[in-house]
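Below is one structure; the comments refer to it alone.
The values are calculated or read from the model by the stated rules, or taken from the named source; none is laboratory data. Since the structure is predicted, the reported quantities are computational estimates derived from the model, not experimental observations. All Cβ positions, glycine included, derive from the backbone under ideal geometry; neighbour counts span all protein chains shown. For accessibility, only protein heavy atoms count, side chains too; no ligands or nucleic acids. Shrake-Rupley method; radii C 1.70, N 1.55, O 1.52, S 1.80 Å.
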Amino acid sequence: MGSRNIAENVSTYDVDDDHQDDRITYEHECSLRDSPPILSSRFKSPKSLGFKIRRWFLIDHDHPMTRRLYRSSYLFRTELSRHIKSDFWYIIHPFSRFRFFWDCWLLFYIYAILLFIPLRISFTASLLEDRYHYVISAIVNVLASFEVLVNCLTGFSRDKYWRNINLNPTKIFLNYLRGYFLIDLTFALPSAMLVKAFAHDEKWISITIDVVHVFIVLKLLSVKLIWGYLINIFERYKLDMTHYYVIRLILISGLFVHWCICVYKLGVLMANDVEQGIDPQWDEHVRFLRDRNNSMFTRYGKCFATVLFYLFALSFGELGIPKTVHGKIMASICIVIGICFQMYLYLQFFKLITIKSSSNRKYAEAISELEAYINMKQFPREMKNRLMFYYEKKFQKGYFAEDKIIETFSGPLRNQIINNRAVRFYEKVPIFRGISEHFLLLLARNMEKEIYLPNDMGP
């Protein structure tokens, strides 16, 4: 049940018969061994550049998903050996070191793209407006091409436990095709050049640009990938997960406000010229945002100030109460959205406070009681460390009353929890492989959970 820490050394990838450095917590030496990988046979020396580069694309024991799903040395080495011996050894493992740092890059890249999309659609009249947009588009095209290439070379799994990693490039592409391929391809293609080369009629250019914009906006679906990448960073470097929720809230808020500003700009451009003269301030506001002689940053700043008033101050700001129908509609929509957004922020703050105080407080109280008990009994330091380690593994630094929680569930739910826990446990134990699942589930219902520390002996 203890977490396993596999040492970072050459023996992880060039296995011999000793494995002296393959240890787990409290220096318990694992007795399970898989067949030696053949990576060393592909390169003359483990110190060679090719060997070091190849390691970056194999399963990495420091990857958060590896720690979660391949916790035993046996499972890790089996997956490592399977990848190396596969006909598709050149495929990138989804839990590799390269993929982890690539995902870190994608976190910033996707977020920047999500900021750039509405800015480009709202504050540039056309994909063909000036050469600066060509340069930016070309950079995005190159980066998106690399994203498509890496995704086509990264293994995947449809198994919820990610135990069966598919390394077949054809199946990888077909799986990618069912997901984000078309959206990513839209960014990889030079849309501006293609539109200019093949569309000459202004009407068809406008329609084509609208279609491209639809696919571009669908990139918003990728926002959920960002949170997975961010969680992996926090888990790999063992950062406080409370900070993850704070950063996530800041990123969501910034993205939401930015999109509101850009959508507001598009809404203002739809103003009806027939209503001119009814509200001079609103007319001047519309003219300012329509005038391309004003820089993009100036117009963005104007929308920024107006939208912030609507969203957070719930007032009309310097524009005053709008008199035109269009102005009233825009102001009303923004204020309603602002009320909903503020409610969302309040709920998230309460959630953060609850998460921070509840589990941590109970765990701290449990640890405090344990320390008082240890001091009263005057246990030796070694015994104290073992008891503290037991509590850490049992509650994972968050106290919960498992028996009371399970009692609140119905009978079918309790059985489902037991079955799920049993299946995941049995998958890690080679001796149970090949035995029918029905028999294993019957066995699990008659077993009791017990945590043994290294060097513990059963009764």
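Output the residue which, of all residues in region 314-333 that are hydrophobic (A, V, I, L, M, F, W, C) and part of a loop (DSSP other than H, G, I, E, B), is modelled with the highest pLDDT.
If we filter region 314-333 for residues that are hydrophobic (A, V, I, L, M, F, W, C), which is where we start, we get 314, 316, 319, 321, 325, 329-331, 333.
Checking the rest, the ones that are also part of a loop (DSSP other than H, G, I, E, B) come to 314, 316, 321.
Details: L314: 65, F316: 68, I321: 78.
Among residues in region 314-333 that are hydrophobic (A, V, I, L, M, F, W, C) and part of a loop (DSSP other than H, G, I, E, B), the one modelled with the highest pLDDT is I321.
Just checking, which of L311, L249, L230 is at pLDDT 85 or above, open to solvent by less than 80 Å² (accessible area, probe 1.4 Å), more than 24 Å from F108 (Cα to Cα) and part of a helix (DSSP H, G or I)? Reasoning before the result, please.
Numbers: L249 fails: more than 24 Å from F108 (Cα to Cα); L230 fails: more than 24 Å from F108 (Cα to Cα).
Exactly one residue qualifies, and that residue is L311.
Could you list, in sequence order, all residues of region 427-445 that are modelled with pLDDT under 70 and open to solvent by 70 Å² or more (accessible area, probe 1.4 Å)?
R445 - this is the single residue of region 427-445 that is modelled with pLDDT under 70 and open to solvent by 70 Å² or more (accessible area, probe 1.4 Å).
Farther than 29 Å from L230 by Cβ, at pLDDT below 85 and among the basic types (K, R), is that true of R42? Please lay out each step first, then the result.
Working: farther than 29 Å from L230 by Cβ: yes; at pLDDT below 85: yes; among the basic types (K, R): yes.
It is true that R42 is farther than 29 Å from L230 by Cβ, at pLDDT below 85 and among the basic types (K, R).
Let's see how each residue does on (1) outside any helix (DSSP H, G or I); (2) acidic (D, E):
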| position | (1), (2) |
| --- | --- |
| D87 | yes, yes |
| D103 | no, yes |
| L106 | no, no |
| L114 | no, no |
| L119 | no, no |
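With the checklist (1) in a helix (DSSP H, G or I); (2) surrounded by fewer than 15 Cβ atoms within 10 Å (Cβ to Cβ); (3) at pLDDT 70 or above in hand, flag the one item R361 doesn't pass.
All conditions pass for R361, except number (3).
Would you say F100 is more than 17 Å from G50 (Cα to Cα), touching a His at 6+ places or on another chain (Cβ under 8 Å) and of a type outside the set (D, E, K, R)?
On the way: more than 17 Å from G50 (Cα to Cα): yes; touching a His at 6+ places or on another chain (Cβ under 8 Å): yes; of a type outside the set (D, E, K, R): yes.
Yes; evaluated as a whole, the condition is true for this residue.
In the list T306, T354, which residue meets the criterion of being at pLDDT below 90 and touching a Cys at 6+ places or on another chain (Cβ under 9 Å)? Can you show your working first?
On the way: T354 fails: touching a Cys at 6+ places or on another chain (Cβ under 9 Å).
Of the residues listed, the single one that is at pLDDT below 90 and touching a Cys at 6+ places or on another chain (Cβ under 9 Å) is T306.
Output yes when any residue across region 292-300 is of a type in the set (V, I, T) and free of Cβ contacts under 8 Å to residues at least 12 places away in the same chain, and no when none is. Give the derivation first.
Of the residues in region 292-300, the ones of a type in the set (V, I, T) are 298.
Okay, now just the ones that are also free of Cβ contacts under 8 Å to residues at least 12 places away in the same chain, so 298.
Yes, region 292-300 contains a residue that is of a type in the set (V, I, T) and free of Cβ contacts under 8 Å to residues at least 12 places away in the same chain.
Just to be sure I understand, how many residues within region 141-180 are open to solvent by less than 30 Å² (accessible area, probe 1.4 Å), touching a strand residue (DSSP E or B) at 6+ places or on another chain (Cβ under 9 Å) and part of a helix (DSSP H, G or I)?
3
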